[in-house]
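The values are calculated or read from the model by the stated rules, or taken from the named source; none is laboratory data. These figures come from a predicted structure and were not determined experimentally. Here the Cβ positions follow ideal geometry from the backbone for every residue, glycine too, while neighbour counts run over all protein chains shown. These accessible areas exclude ligands, DNA and RNA; they are computed on the full protein's heavy atoms, side chains included. Shrake-Rupley method; radii C 1.70, N 1.55, O 1.52, S 1.80 Å.
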Amino acid sequence: MNFDHRSIDPAAQEMLAVAQDLGAQTTWDRFDAMQPHCGFGELGLCCDICYMGPCRIDPFGERAQVGACGADAHLIVARNFARAVAAGAAAHSDHGREVVEALASGFAVSNPDKLNALAAEYGVAPGELAARMASQFGLQNGPLVPALRAPPGQRARWEKLGITPRGIDREVVELLHRTHQGVEADPLALLRAAMRAALADGWGGSMIATDVQDALFGGPQAVRSRANLGVLEEKQVNLLVHGHEPVLSEMIVAASRDPDLAALARQAGAEGINVAGICCTANEILMRQGMPVAGNNLHQELALLTGAVDLMVVDLQCIMPALPSVAACFHTKVVTTSAKAHIPGAESVDLDPHHSRQTAREIVRRAVEAFSRRDPARVRIPRERMDLVAGFTNENLPQYLGGRFRSGYRPAIDAVIAGRIRGIVGVVGCNTPRIAQDSHHLAMVRALIAQDVLVVQTGCSAIASAKAGLLRPEAALEFAGPGLREVCEAVGIPPVLHVGSCVDNSRILSVCCALVAEGGIGEDLAELPIAAAAPEAMSEKAVTIGLYAVASGIFTAFMPPPRIAGSSVVRKYLEEDVEKETGGKFLFANHIDEAVNGILAHLEAKRKALKLAPRPLATYVPPVGFAALGCGKAQDRSQSRPPEE
Ligand code: NFS
């Protein structure tokens, strides 16, 4: 079978063939078994929030136009969308809460400067910071402290609209309350409430998570590493960390370097202990420790199919419940560690932040034990592994962008004004079996850098670029337009900057704030020549991120579209009318070219409004080879049934 329609990554294709040989089921098989998707559900027109239903609205206008309570298509779509936003905000923000609790529990702080700076910002002594941060979650009134970082113009828009974010718990609870049967019946009021909850994530829960993690584990610096399944080592114990919170994974990295555990591994016949990551945990330990990345979201099962993973330890979010059944084809152990996320078929270890080092050592020991049961004859590790540079943040970018002599954002702003950089775009988000893995990320990132757009990335999108070599400084020579190439060459950075995990999208907001503060390319986030994109979105967190970007004044291309097509009112508000209120808006594109062209046109419009030099589009020639797959052969499965195989 040809797997081009499932993934454009050759390593993924190799493992999909292994899955087929073994008869092992992957997410793509389960996705195909779901076809055809429920048409009402796809349009957002199915309502199951009360027990008079489930109700569904006939999109052709022939049968029911309202649910049993009288809710019409627009209200049903808005309620479903708002509930997704509440769940996404809750997930990110609960992650933030857990790292605040780790700080409160006395976890060692490796970056006291960051801790002191945060304490000063929150107006408390360093010892009181954790309690003050924890209070942000339940803050009943008044703005969140980190939301005060937003430029005055943006905050004024929020005030006028009544969406200045309060405590995170309050916003999520209020949004869920208003979506309950028989409460908020105005779809637009619901969408504004959803923006408020999303802002409490972006400028609250996520921002707090990033801040505390940088205080606890250190602020990242530029670091070299490698990505893709080829980072697995045939002769070493392979321990994969997967999920989101770095509290345990940082400890596992440290434990894997303990001499007694290394000796244990040697006794078991291994040459060492190799810790690598999947999803955002990968990004966390990459950014701070330079640990290798085994893959993004759709690699989680494929990594197990190599037969070379001895143990996969997971915490929460984006973890497929199917992992133990894939692991059961081999000797691989799956271990869960969160009291909030148990998986039948996996072993469970309680993570107590007071004893996380001992827990980490126990997990490494179990990985070594599992290694001794590995069958070398069944190991098949794809060769693909790619060099990368990661570790950029809003705090260290002035130094990297400005070079040794002009540290600050001024050189980057000058490059934007002169047109060497057309604009700055954050490309973020997941993988989904609806779209050939990585095809949209790579097509978009390559097209943008070829047009002199500086790209910043997080999450699984950053990992897609890493695997394809776009995070190497050399990528500027190979793929970037002449202006961006000149900038990258002058200071030695890649044209695509990896700024972390998905909660670290807060770093992108902070970069935008710094650009406004520096002056010269807009006095509000909405005036900057910037945009955001989630080209292979899958999770509710991605919907929330997209919405807080829009609420923060940022043009955001989002694919596949969330389930809003059933309401012309919701779609028009999110794609058009919201711009008058927040300065940002969505583009729900059906084709990747539409998303890229929409972003480029938006950047050009912003440049024109700022009276910056116009930048005619260069002719974009997609590169050949593996690279060409990213722009050519890959299919968009979001709108159609998969081809018969
Ligand atoms: Ni983000 Fe990170 Fe990946 Fe999507 Fe999941 S790992 S928090 S949600 S799938 S980018």
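Among residues belonging to region 530-557 that are open to solvent by 10 Å² or more (accessible area, probe 1.4 Å) and charged (D, E, K, R), point out the one that is farthest from the ligand (Cβ to nearest atom).
Per the criteria, the residue is GLU540.
Spot the failing condition for ASP94; the list is (1) open to solvent by 60 Å² or more (accessible area, probe 1.4 Å); (2) of a type in the set (Asp, Glu); (3) within 16 Å of the ligand (Cβ to nearest atom), and only one is missed.
The one condition ASP94 does not meet is (1).
Out of region 558-592, which residues are in contact with a helix residue (DSSP H, G or I) (Cβ under 9 Å, 6 or more places away or on another chain), in a helix (DSSP H, G or I) and open to solvent by less than 60 Å² (accessible area, probe 1.4 Å)? Steps first, answer last, please.
First, pick out the residues of region 558-592 that are in contact with a helix residue (DSSP H, G or I) (Cβ under 9 Å, 6 or more places away or on another chain): 558-559, 561-571, 573-574, 577-579, 581-589, 592.
Subsequent filtering for residues that are in a helix (DSSP H, G or I) retains 568-571, 573-574, 577-579, 581-582, 592.
The answer is VAL569, VAL570, TYR573, LEU574, ASP577, VAL578, GLU581, THR582, ILE592.
Consider only pairs whose beta carbons are under 9 Å apart and that are at least six residues apart or on different chains; among these, list those whose first residue lies in region 37-66 and is at positive phi and in contact (Cβ under 8 Å) with a residue 60 or more places away in the chain and whose second residue is part of a loop (DSSP other than H, G, I, E, B) and of a type in the set (S, T, N, Q).
GLY44/SER567
Hey, can you tell me all the residues within region 477-510 that are open to solvent by 20 Å² or more (accessible area, probe 1.4 Å) and aliphatic (A, V, I, L, M)?
LEU477, VAL487, ALA490, VAL491, ILE508
Within region 161-217, can you find the residues that are outside any helix (DSSP H, G or I) and either open to solvent by less than 10 Å² (accessible area, probe 1.4 Å) or not assigned by TED's automatic domain parsing to the domain that holds VAL100 (or both)?
The initial filter retains those residues of region 161-217 that are outside any helix (DSSP H, G or I), namely 162-167, 180-186.
Across region 161-217, the qualifying residues are ILE163, PRO165, GLY167.
Of all residues in region 298-355, count the ones that are open to solvent by less than 30 Å² (accessible area, probe 1.4 Å) and of a type in the set (Asp, Glu).
Qualifying residue count, region 298-355: 3.
Which fully enclosed strands (runs of 3 or more DSSP E) of region 224-313 have 1 or more residues being in contact with a strand residue (DSSP E or B) (Cβ under 8 Å, 6 or more places away or on another chain) and away from the ligand (no atom under 16 Å from the Cβ)?
Numbers: elements: 237-242, 273-278, 293-295.
Those strands (runs of 3 or more DSSP E) span 237-242, 273-278.
How many residues, within region 413-443, are over 30 Å from CYS318 (Cα atoms) and either open to solvent by 10 Å² or more (accessible area, probe 1.4 Å) or touching an Asp or Glu at 6+ places or on another chain (Cβ under 7 Å) (or both)?
Of the residues in region 413-443, the ones over 30 Å from CYS318 (Cα atoms) are 413-423.
Next, only the ones that are either open to solvent by 10 Å² or more (accessible area, probe 1.4 Å) or touching an Asp or Glu at 6+ places or on another chain (Cβ under 7 Å) (or both) stay: 413-414, 417-418, 420-422.
Qualifying residue count, region 413-443: 7.
Tell me the helices (runs of 4 or more DSSP H) entirely within region 359-478 that contain at least 2 residues that are modelled with pLDDT of 95 or more and outside the structural domain of GLU347 (by TED's automatic domain parsing). Don't jump to the end; show me each part of the working.
Details: elements: 397-402, 410-418, 439-450, 459-467.
The helices (runs of 4 or more DSSP H) meeting that bar are 410-418, 439-450, 459-467.
Need pairs with beta-carbon distance below 9 Å; first residue within 19 Å of ASP414 (Cβ to Cβ) and modelled with pLDDT of 95 or more and within region 598-609, second open to solvent by less than 50 Å² (accessible area, probe 1.4 Å) and of a type in the set (Val, Ile, Thr); sequence gap 6+ or separate chains.
Once the first residue is within 19 Å of ASP414 (Cβ to Cβ) and modelled with pLDDT of 95 or more and sits in region 598-609, its partners that are open to solvent by less than 50 Å² (accessible area, probe 1.4 Å) and of a type in the set (Val, Ile, Thr) give LEU603/ILE424; LEU603/VAL425; LEU603/VAL453; LEU603/ILE530; LYS606/ILE521; LYS606/ILE530; ARG607/VAL416; ARG607/ILE521.
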